[in-house]
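Presented below is the structure to which this report refers.
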Amino acid sequence: MKITVSRKAHFNAAHRLHNPLLSSEENLDTFGKCNNPYYHGHNYELIVSVTGEVDVKTGYLIDMKVLSDLIKRKVEDHLDHKNLNEQVEEFKELNPTAEHIAFVIWNRLKPELGHHLELSVTLYETPRNFVEYHGL
Ligand code: NI
């Protein structure tokens, strides 16, 4: 029996969307307000979902305490209240779009999970805009 368990988390972060290969005008056309050179913030909502076979001994897929501690250590401590462009290594060369943030989060969490567990990450940048990454 395959089952999915999910844990919600939250962090605040500032970013600027900008591609140095584009002109100022093209950057503004492409990224709009998110191109603001003085940065701006988002309240990111994160859903981390883990899928696999339930452990017959415990009846758990994964201990929720283990999952919440993992999210805190690998995601919240790394991103919360940060300027993503300036302070987070992964975004020194990578535009911090919701797509790329979800990708970075997935890659930070995956090595910490057992190989028998599948991971997907859903990231809300606003209450209405969200992206999903399944590692495919
Ligand atoms: Ni933005």
For this session: Subtract the Cα-Cα distance of HIS10 and VAL56 from 0.36 nm times their separation in residues, and report this length gain in nm to one decimal.
Result: 13.4 nm
Exercise. What FRET efficiency do you get for LEU117 and TYR39 if R0 is 35 Å and r is their Cβ-Cβ distance, rounded to the nearest 0.05?
Worked result: 0.50
For this session: Counting only trypsin sites (Lys or Arg not before Pro) that are in a DSSP loop and have at most 15 other C-beta atoms within 10 Å, tell me the longest site-free stretch of the chain.
Result: 1-56
For this session: Keeping the other protein chains in place, figure out the carbon and sulfur percent of the accessible area of the chain, with a 1.4 Å probe.
Result: 53
Exercise. When the chain is modelled as a GNM with alpha-carbon springs shorter than 10 Å, which of VAL88, VAL56, VAL75 fluctuates the most?
Worked result: VAL56
Problem set entry | Inter-centroid distance (Cα atoms) of the stretch 70-109 relative to the stretch 43-60, Å | 21
For this session: Just need log10 I(q)/I(0) for the chain at q = 0.21 Å⁻¹, Debye formula, equal scatterers on the alpha-carbon atoms, no solvent, rounded to two decimals.
Result: -1.24
Seminar exercise, completed: Heavy-atom accessible area with a 1.4 angstrom probe orders ILE105, ILE47, most exposed first, as ILE47, ILE105
For this session: At 1.4 Å probe size, with every protein chain present, just tell me what the per residue accessible area of the chain comes to in Å².
Result: 62
Exercise. Taking R0 as 35 Å, what's the FRET efficiency between SER23 and LEU94 from their Cβ-Cβ distance, rounded to 0.05?
Worked result: 0.95
Exercise. Label 7 Å along Cα→Cβ of SER49; the stretch 93-109 residues with amide nitrogen under 16 Å?
Worked result: 102-103, 106
Exercise. Normalised by the residues of the chain, what does the relative contact order come to in percent, with Cα pairs under 8 Å and at least six apart?
Worked result: 30
Exercise. Over 22 Å between Cα atoms, which of LYS2/LYS72; LYS2/LYS57; LYS2/LYS74; LYS65/LYS110; LYS8/LYS110; LYS74/LYS110 qualify?
Worked result: LYS2/LYS72; LYS2/LYS74
For this session: Per DSSP H run of n ≥ 4, the term is -39500 (n - 2.57); total these for the chain, divide by its residue number, and report the mean residue ellipticity at 222 nm rounded to 500 deg cm²/dmol.
Result: -6500 deg cm²/dmol
For this session: Within the set of other residues whose C-beta is less than 15 Å from the C-beta of HIS40, count the net charge using Lys and Arg as +1 and Asp and Glu as -1.
Result: +1
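The values are calculated or read from the model by the stated rules, or taken from the named source; none is laboratory data. On a predicted model such as this, the values are computed, not experimentally measured, just so you know. As a convention, Cβ positions derive from the backbone with ideal geometry for all residues, glycine included, and neighbour counts pool all protein chains shown. For accessibility, only protein heavy atoms count, side chains too; no ligands or nucleic acids. Shrake-Rupley method; radii C 1.70, N 1.55, O 1.52, S 1.80 Å.
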